[in-house]
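Written out below as structure tokens is the structure these notes cover.
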Amino acid sequence: MLFSTDSNTFASVKNLPKIPLAQAIIYLAEQYGLEHIVISPGSRNAPMTIGFTNNDFFKCYSIVDERSAGFFALGMAQQIKRPVILVCTSGSALLNYFPAISEAFHSNIPLIVLSADRPKHLVGIGDGQTIDQKNVYGSHVIFTANLKEDISPENAEEEEPMILKSLENRLERFIGIQKNIIQQNMELIQQAFEMALNECGPVHVNVPFAEPLYETVDDLAIPDTDINKAINKKEVDKTLCFDLADDWNNAERKMVIIGTNPPGEIDQKWLNTLAEDESVLVFTETNSNCQHPNFFPSIDKIIAPLEEEDFQLLKPDILLTLGGMVVSKKIKAFLRNYKPKHHWHVGQSRALDTYYILNRHIKAKANDFFQAFIPYVKPGSSSYRPYWDGVKAHRADMHQKYLKGIPFTDLKVFDSVLKHIPDHSKLHVGNSSAIRYTQLFDLNPRLEIFCNRGTSGIDGSTSTAVGASVISQKQNVFITGDLSFFYDSNALWNDYIPKSFRIILINNGGGGIFRILPGHKNTENFDTYFETVHQLNAKPLCELYGFEYFSARHQNEMDNVLTSFFEESDQPRLLEIFTPREINDSVLLEYFDFIK
């Protein structure tokens, strides 16, 4: 035993991995309270797997497919707002995490990747299941640590040549080198864990292990370590807020856009203050999770039918943005063409110049910013919001009239499905068409809404929703399109999905988004290389993975299923709704003309 420690319960755990580096990782993970561990089976990562699964402090999940595992962990971290650890073997395994890592990076979700690696002397010589794993995620992680492998007497001289010849002195020197390496590794591990906790992003720790991998011991070989559990808090510059308020109070038109935002992230009292100011227009999106009757939650419904004269009336003097990515392409195009004088972004992470006019980044949480800023704000009377309130009311009226006259299509389906989601559910929405249709509706304010808009990919939407459902105490509902669902069908390959989990799969026989987007949908090969027409259905997958399957092909059939679909059941459930592929796009495009 090189060291001893009495900290927490770790000292009493038996069957520890023999390798000190694995012990250090397990020990520090427990010290930092990182209890959720998603493991993809492998051999090179066996020391970590043994350490995590033999310690009752950790909740371990086995997910075979690493791409699915990455998004599964992301869904969990999204809900608990704390890092979740991913553990994988060497080689291509950690590359399959990359889609989830990029989503976590752009969505500010903390993940910790612990990738097992071959020892240095086995890399680059043709050994099996071996790639160059160092810094593999590049700029998509906020921190990377490449640890040193534990040494043995045989490889000690590679670390530091030994001049002393006597056996006693060689052993003493070896122990000193070993202690030094362990200490360096533990410092790097701590840095990684603290970055994930404080900066809310993904980190990567690459961990080389030499064989034998499966040996266990009951003795610790690591030092007791002081842990810094303090969360960094950035103070808001009150002088800056005073100066900003001066510009704000003198502006006649202020626009606030709240992008992707976790539920409860912004106190309602600040939202109320913004909503009550007639000179402020607040646009929110489906996954903003911010509500007020004076807000404008369906951006495209307002923006899409506008013409030049209308855009001039809408153009703000100041644009204030909060939260993450924005779905609406129409609001982006509008603000890029009709630039405000100022664009301020409030957020702890990076600020993106989405509208090509960003001139101020306030690095603070929204609540902290408003706490410092609002006392200097003077609400004034204005025609800005009242005018657009009238437009909103007209659009809402025309929206209802249009829905009454259309056939059974995607738009009609979303109208019905969204009305049936039970109060207090967590609603997860897939990317591509699914989130865009959902954006057109004023949703139940008692729902919590999520969507992977960091990179906007379809690759892990189902796995994210499944991971979130495993950690959540509420019912989780996932609405998705067919290509997204089949692409990520391995999301259902695990034993953790709660019986209350519900999937609503809207199957329009292909990538319907490509019929909506500008393009040549009547050209040769469009069906094969863009829309990707198929004849698949989800029933065989439901039978394989233990889901109760329902289907609907017309309005009455769908409504009948939805009346009891969310009730308690002995299995998770999936409802597959088939819609007509060739008319969905025309119904949607005509919608924007109708609501003018």
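Taking the criterion of being in a loop (DSSP other than H, G, I, E, B), farther than 24 Å from residue 492 by Cα and open to solvent by less than 50 Å² (accessible area, probe 1.4 Å), the residues of the stretch 541-596 that qualify are 580, 595. Scanning the stretch 458-472 for residues that are on the phi > 0 side of the Ramachandran plot, at pLDDT below 95 and not aromatic (Phe, Trp, Tyr) turns up nothing. For the stretch 197-237, a tally of residues being out of contact with any helix residue (DSSP H, G or I) (no Cβ under 7 Å at 6 or more places or on another chain), modelled with pLDDT under 85 and closer than 23 Å to residue 111 by Cα returns 5.
Only one of the numbered conditions (1) in contact with a helix residue (DSSP H, G or I) (Cβ under 8 Å, 6 or more places away or on another chain); (2) assigned to a loop (DSSP other than H, G, I, E, B) is violated by residue 352, and that is (1). Please go through the stretch 393-428 and pick out each residue that is of a type in the set (Lys, Arg) and part of a helix (DSSP H, G or I). Once the filter is applied, which keeps residues that are of a type in the set (Lys, Arg) and part of a helix (DSSP H, G or I), the stretch 393-428 yields 395, 401, 404, 412, 419.
Residues checked against (1) modelled with pLDDT of 95 or more; (2) of a type outside the set (Gly, Ala, Ser); (3) in contact with a Ser or Thr (Cβ under 9 Å, 6 or more places away or on another chain):
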| position | (1), (2), (3) |
| --- | --- |
| 298 | no, no, yes |
| 301 | no, yes, no |
| 306 | no, yes, no |
| 318 | yes, yes, no |
| 345 | yes, yes, yes |
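A search for C-beta distances below 9 Å between a residue of the stretch 394-417 that is hydrophobic (A, V, I, L, M, F, W, C) and any residue that is open to solvent by 20 Å² or more (accessible area, probe 1.4 Å) and not in a helix (DSSP H, G or I), counting only pairs 6+ apart in sequence or on different chains, returns 396/442; 398/596; 408/553; 408/554; 408/580.
Of the strands (runs of 3 or more DSSP E) lying entirely inside the stretch 32-129, the ones with 1 or more residues being crowded, with 24+ Cβ neighbours inside 10 Å and of a type in the set (Ser, Thr, Tyr) are found at 111-117. Each residue in the stretch 269-291 was checked for being within 20 Å of residue 395 (Cβ to Cβ), touching a residue at least 24 places away in the same chain (Cβ under 8 Å) and not polar (S, T, N, Q), and 7 pass. Just one of the listed residues (259, 324) is touching a helix residue (DSSP H, G or I) at 6+ places or on another chain (Cβ under 8 Å), touching a residue at least 40 places away in the same chain (Cβ under 8 Å), open to solvent by 20 Å² or more (accessible area, probe 1.4 Å) and closer than 26 Å to residue 441 by Cβ, namely 324.
Checked against the criterion of being open to solvent by 60 Å² or more (accessible area, probe 1.4 Å) and under 34 Å from the mean Cα position of the chain (by Cα), the candidates 215, 235, 211 yield just one match: 235. Would you confirm, using the coordinates I've provided, whether residue 450 is without any contact (Cβ under 8 Å) to a residue 60 or more places away in the chain, of a type in the set (Phe, Trp, Tyr) and closer than 25 Å to residue 436 by Cβ? No: the conditions fail for residue 450. Of the candidates 395, 336, the single residue that is open to solvent by 20 Å² or more (accessible area, probe 1.4 Å) and of a type outside the set (A, V, I, L, M) is 336.
Contact map, the stretch 463-490: residues that are more than 14 Å from residue 504 (Cα to Cα) and open to solvent by 20 Å² or more (accessible area, probe 1.4 Å) paired with residues that are modelled with pLDDT under 95 and not aliphatic (A, V, I, L, M), Cβ distance under 7 Å, separation 6+ or inter-chain. Pairs shown: 487/459.
The values are calculated or read from the model by the stated rules, or taken from the named source; none is laboratory data. If you're wondering where the values come from, they're calculated on a predicted model, not measured in any experiment. Cβ sites come from the backbone with ideal geometry, for glycine too, and all protein chains shown count toward neighbours. With ligands, DNA and RNA removed, areas are computed over all heavy atoms of the protein, side chains included. Shrake-Rupley method; radii C 1.70, N 1.55, O 1.52, S 1.80 Å.
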